[in-house]
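In what follows, a single structure is set out as structure tokens and then discussed.
The values are calculated or read from the model by the stated rules, or taken from the named source; none is laboratory data. Please read all numbers here as calculations on a predicted model, not as lab measurements. Please note: Cβ atoms are built from the backbone with ideal geometry, for glycine as well, and neighbour counts cover all protein chains shown. Surface areas here come from the heavy atoms of the whole protein model, side chains and all, with no ligands, DNA or RNA. Shrake-Rupley method; radii C 1.70, N 1.55, O 1.52, S 1.80 Å.
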Amino acid sequence: MTRNREDYIPLVEFLDLIDDLKMKRKEAIEILGVSDSQFKWWVKRREMPKSHYWAFQKELTIFLQKQMIKKMVRIGLIDKEFLRELLECV
């Protein structure tokens, strides 16, 4: 199987993102769902697969949306009953 350069991004893009989010590498690696040794391999190569980067973005977006909804319920912008109904539909 040949390695296509277009399937990879510079690792610095990912590292900059987690730095901007003030996220620890360990937390980010857990969200990525890869082992420490796999991440170290990416560090050595200075790149990571785009598919993992996109998966991280998706998981992070879901996490942030859940946090936003929880805060909206907490301050009363969303009714708890409506939230329960919404979650039952999913």
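Annotations for the structure displayed:
- Any hit, the range 54-61, residues being aromatic (Phe, Trp, Tyr), at pLDDT below 95 and in contact with a helix residue (DSSP H, G or I) (Cβ under 7 Å, 6 or more places away or on another chain): yes
- Residue match in the range 72-89 (condition: open to solvent by 60 Å² or more (accessible area, probe 1.4 Å), assigned to a helix (DSSP H, G or I) and in contact (Cβ under 8 Å) with a residue 12 or more places away in the chain): no
- The criterion of being of a type in the set (D, E, K, R), farther than 30 Å from residue 84 by Cα, open to solvent by 80 Å² or more (accessible area, probe 1.4 Å) and in contact (Cβ under 8 Å) with a residue 24 or more places away in the chain does not hold for residue 25.
- Scanning the range 45-60 turns up at least one residue that is small (Gly, Ala, Ser), touching a residue at least 40 places away in the same chain (Cβ under 8 Å) and assigned to a helix (DSSP H, G or I).
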